[in-house]
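Structure, as structure tokens:
What follows is calculated from the coordinates using simple rules that are stated; it is not laboratory data. Quantities reported herein were computed from a predicted structural model and do not represent experimental measurements. All Cβ positions, even for glycine, are placed from backbone atoms using ideal geometry, and neighbour counts span all protein chains on display.
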Amino acid sequence: MKTLVRILSSLVFSFVGTAAGHAADWQIIEAAYVALPVPSTQYGVVCSAYETSVCANVGDFYRFNHQTQLRVALVGAISDQWGVRLSLTTGAEATKLVVDPQLIIGVIATKPLTKGRSLSGEVFGSIGGDIRHKPCLDEYDREYFCGNLTAWTDFQSKTIANEEYGLKIVFKY
């Protein structure tokens, strides 16, 4: 995933720099810690769905080192009317749960209206950011889902897509 992010960001930077015939003007617009999309307190002591007398504390498997991840966003101006936004979120990892890094790419169009006023629109989408569970193993090396002690083959949410996409409209007055 890290290699994919590096390749995509290099391509976008190259494209933006050459599209206008000169290097784009880049600004950091955000550097912030954002909450993880999955609370680490979701799991604690769980009992088997097959045998309710079999219970285990699995909270440590799902505990992240930090409750936040770093997000850095850059905006590059290609011209007076066009720009590009790149936003990278670092991701996080616990013993049995991974939040993949995420890259958001957006294209921004701006229309000046009157002095000091403008209307901007952005279309954006993301790559990565999936939430992936890892199986636990019993003493016979059989895989099971730690969250409710059921067979790994019965667990349907091994990977949860965490996509961001949309349209953003901004009126500056």
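At an R0 of 30 angstrom, the distance between the Cβ atoms of Y165 and A49 translates into a FRET efficiency of 0.30. Straight-distance candidates among the aspartates and glutamates for linking to K115, with alpha-carbon spacing under 17 Å and chain neighbours fewer than 8 residues away dropped: D80.
When +1 charges are put on Lys and Arg Cβ atoms and -1 charges on Asp and Glu Cβ atoms, the dipole computed for the stretch 67-173 relative to its Cα centre reaches about 900 debye.
When ranked by the protection proxy of mean other Cβ atoms within 10 Å per residue, highest first, what sequence do the peptides 25-36, 91-102 form?
Highest mean packing first, the order is 91-102, 25-36.
At q = 0.14 Å⁻¹ the log10 of I(q)/I(0) for the stretch 94-147 amounts to -0.61, computed by Debye summation with a single uniform scatterer per C-alpha, solvent ignored. Near the amide H of A94, within less than 5 Å, lie the amide hydrogens of V99, all on another chain or at least 5 residues away, with H placed in the peptide plane.
Rg and Dmax, both from the Cα atoms of the stretch 26-122 and both in Å, are 21.1, 71. Once the Cα-Cα distance is subtracted from the 0.36 nm per residue extended length, the T150 to T68 segment shows a gain of 26.6 nm. Which GluC sites (Glu not before Pro) does the stretch 101-153 hold that lie in a coil by DSSP with at most 10 other beta carbons within 10 Å? Of the GluC sites (Glu not before Pro), the ones in loops of the stretch 101-153 whose Cβ has at most 10 other Cβ atoms within 10 Å are E139. Ordering 72-84, 45-57 by mean Cβ neighbour count within 10 Å, with the highest value first, yields 72-84, 45-57.
For the stretch 53-88 versus the stretch 108-173, the inter-centroid distance based on Cα atoms is 9 Å.
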